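The values are calculated or read from the model by the stated rules, or taken from the named source; none is laboratory data. Because the structure is predicted, anything quoted here is derived from the model rather than measured. Here the Cβ positions follow ideal geometry from the backbone for every residue, glycine too, while neighbour counts run over all protein chains shown.
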Amino acid sequence: MGHGHAHHHGHAHAPSNDGGAHDAEPAKGRGAQRTRLVIALTVTGLYTIAEVVGGKLSGSLALLADAGHMLSDTAALALTVFAMWAAGRPAKAQQTYGFQRTEILAALVNGAALLAISGSIMLEAIGRIHAPTPVAPKLVLWVAAGGLVSNLVCLAVLSAGRAHSLNMRGAWLHVLSDALGSVGAIVSGVLIAAFGWTWADPVASVFISLLVMRSGWSLLSETVGVLMEHAPEHVNVNDVRTAMIAQPAVDAVHDLHVWTITSGLVCLSAHVVTHADPEQQQEALAVLTRLVREQFRIDHVTIQLEHVSFPDETCARCD
């Protein structure tokens with residue numbers, strides 16, 4: 001290699017520390033997640049019907065709000081299963097990351113659905129606070145208790161996968177908010193049965209809606225961050241730059257980018273200015289790649305080395 005421009009690319013495709021890998025997740029792991037999702041989807045779908053019937057018969061908005069949650073849970077779980085299937089499809093040459101972003105798009109839809117459903121329920125609940133309607137408290141208690149049990153079963157089933165997948169986390173948050181909604185419906189049923197406080201039903205609905213809004217906003221913010229290619233929360237880009245520049249062979253770092261493709265797949269690309277001789281540059285590249293992977297948990301690393309003697313007027317070396 002001459003004394004001028006040295007282009008070296010380091011690609012690290014090893015699994016991340018949080019369970020991800022370059023190709024999202026091993027087929028066995030994806031299969032286990034799909035199985036958990038299908039179980040949760042079946043339980044949630046069946047009990048959604050029970051809550052709709054119970055809400056209509058009892059006149060409880062809290063139960064109907066919970067049924068709305070469960071309906072959104074069912075849709076979210078179905079969407080998650082579809083996204084996992086789509087992410088595993090073989091990609092064409094133009095689709096350089098395959099369909100892995102499908103997971104993020106599904107999570108975005110889930111977050112938006114949570115906000116929309118909770119908003120509509122809250123509006124109805126506010127109207128009922130001023131004009132409470134009769135509610136059959138015993139039926140509310142029985143149906144809400146059954147809903148809570150089904151939610152707890154689904155939470156247990158989905159819990160194992162939520163740390164490794166934003167999509168699984170979105171589904172888990174749906175079910176968690178629904179479990180809290182069932183608790184709210186149970187409390188309102190007890191208050192109506194014990195004291196005749198019919199206003200407890202719409203108040204519980206407002207409480208449920210606020211919980212769902214919080215979960216939906218959190219999920220929506222995170223997915224938008226991924227789509228905008230922000231650096232993930234666990235990576236401080238300034239710290240990455242400082243650590244790279246601190247290496248003996250490195251003079252400067254520019255065009256440094258860190259972004260997320262899908263859950264568990266974080267990417268980095270950078271231009272590194274070095275004074276190392278051509279025969280030493282491979283070692284410098286290996287050191288930098290290992291540093292980024294091990295210290296910052298970044299899986300897919302692309303580094304271009306440029307010798308200090310190369311005059312590059314097209315970009316600022318030390319941005």
Within the stretch 106-138, residues in contact with a His (Cβ under 9 Å, 6 or more places away or on another chain), within 25 Å of W199 (Cβ to Cβ) and either among the polar types (S, T, N, Q) or modelled with pLDDT of 80 or more (or both) come out as S118
Scanning the stretch 215-256 residue by residue, those of a type in the set (A, V, I, L, M) and part of a helix (DSSP H, G or I) turn out to be L219, L220, V224, V226, L227, V237, V240, A243, M244, I245
Per the filter on the stretch 272-289, residues surrounded by fewer than 16 Cβ atoms within 10 Å (Cβ to Cβ) and either touching a Phe, Trp or Tyr at 6+ places or on another chain (Cβ under 6 Å) or in contact (Cβ under 8 Å) with a residue 60 or more places away in the chain (or both) are P278, Q282, A286
Taking the stretch 109-151 and keeping residues among the polar types (S, T, N, Q) and either buried (at least 16 other Cβ atoms within 10 Å of the Cβ) or touching a helix residue (DSSP H, G or I) at 6+ places or on another chain (Cβ under 7 Å) (or both) leaves N110, S118, S150, N151
Qualifying residue in the stretch 99-116 (condition: farther than 23 Å from L265 by Cβ and either of a type in the set (F, W, Y) or touching an Asp or Glu at 6+ places or on another chain (Cβ under 9 Å) (or both)) = no
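Can you tell me how many residues in the stretch 225-252 are of a type in the set (A, V, I, L, M, F, W, C), free of Cβ contacts under 8 Å to residues at least 40 places away in the same chain and under 20 Å from V287 (Cβ atoms)? So that I can check it myself, show each step before the final result.
Applying the first criterion (of a type in the set (A, V, I, L, M, F, W, C)) to the stretch 225-252 yields 226-228, 231, 235, 237, 240, 243-246, 249-250, 252.
Filter once more, so that each one left must be free of Cβ contacts under 8 Å to residues at least 40 places away in the same chain: 228, 231, 237, 245-246, 249-250.
Narrowing the set further to residues that are under 20 Å from V287 (Cβ atoms) leaves 237, 245-246, 249-250.
Number satisfying all stated conditions: 5.
For the stretch 78-195, which helices (runs of 4 or more DSSP H) that fit wholly inside it have 3 or more residues that are among the charged types (D, E, K, R)? I'd like the intermediate steps shown before the answer.
Numbers: elements: 102-130, 137-158, 166-195.
Fully inside the stretch 78-195 and qualifying: 102-130.
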Filtering the stretch 196-212 down to residues that are buried (at least 22 other Cβ atoms within 10 Å of the Cβ) and of a type in the set (G, A, S) yields A200, A204, S205, S209
The condition of being surrounded by fewer than 14 Cβ atoms within 10 Å (Cβ to Cβ) and of a type in the set (S, T, Y) holds, among S221, S215, S269, only for S221
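Mind listing just one residue for me: the one in the stretch 33-66 that is hydroxyl-bearing (S, T, Y) and farther than 28 Å from G88 by Cβ and, of those, modelled with the lowest pLDDT?
S60
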